[in-house]
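Worksheet for the structure shown next.
The values are calculated or read from the model by the stated rules, or taken from the named source; none is laboratory data. Please read these numbers as outputs of a predicted model, since none were measured by experiment. Here Cβ is always computed from backbone atoms with ideal geometry, including for glycine, and neighbour counts include all displayed protein chains. Areas reflect the complete protein model, heavy atoms only, side chains present, ligands, DNA and RNA absent. Shrake-Rupley method; radii C 1.70, N 1.55, O 1.52, S 1.80 Å.
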Amino acid sequence: MPSQPGRVFTGTDSPGGPLGGDIWFRDSGDIYQFIPPATWSVLAPRRLGIRHPATASSVDDWAFIADRAYEVKSIKEIHSVAGSDGSAVTADVRKITDASAPGAAAGATVLEMLSTALDLKSTANTRVTGTLVTTVADLRLAVNDKIGINFAGTLTALAGCVIVIELQAI
């Protein structure tokens, strides 16, 4: 964070949570990230990055609950060891507007945010940028909308996987 004597920044810590234990600060609409041991970065005015780790034992899971209006700008994934099951091994990122679970069938309140699910059997150590759906309304979150991750297939051998979702406050 830039040196700003006399300024007080408030922040949140989420050890073991969907932000991976990083500490996030919001000040006048700018989002700062503290990455231990001591690095600060301004992500961008009113931008937020969500880091969601996944392993072979991962299950459908929540990644985020909106505290204001946001729009998803990008979804990326990388893994160090690919899933090895004989069938497809994928992760889909979803907007959920009701009490449905992250693995519930897609429908009016469970909306896919990617045109194709992320392939968790793709080449290891290669960043994959998902293709967002073209319906902007499906990428916009209202207060209390949620982002869930729906895993499909058996995640056998998957390791070192992280899904990063970039949001823009609107």
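Based on this model, can you work out whether ARG51 counts as closer than 14 Å to CYS161 by Cα, part of a strand (DSSP E or B) and either at pLDDT 85 or above or open to solvent by 60 Å² or more (accessible area, probe 1.4 Å) (or both)? Yes, satisfied. Total residues in the stretch 71-102 satisfying the condition of being open to solvent by less than 40 Å² (accessible area, probe 1.4 Å), among the small types (Gly, Ala, Ser) and within 24 Å of LEU139 (Cβ to Cβ): the figure is 3.
Each row is one residue, and each column tells you yes or no for (1) under 23 Å from ARG47 (Cα atoms); (2) part of a strand (DSSP E or B); (3) at pLDDT below 95; (4) among the acidic types (Asp, Glu).
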site	(1), (2), (3), (4)
GLY86	no, no, yes, no
LEU111	yes, yes, no, no
THR134	yes, no, no, no
THR154	no, no, yes, no
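One residue alone among ASP98, ASP92, ASP119 is farther than 17 Å from LEU132 by Cα and of a type in the set (Asp, Glu), and that residue is ASP98. Taken over the stretch 136-151, the residue count meeting the criterion of being open to solvent by 40 Å² or more (accessible area, probe 1.4 Å) and either part of a loop (DSSP other than H, G, I, E, B) or closer than 18 Å to PRO53 by Cβ (or both) is 3.
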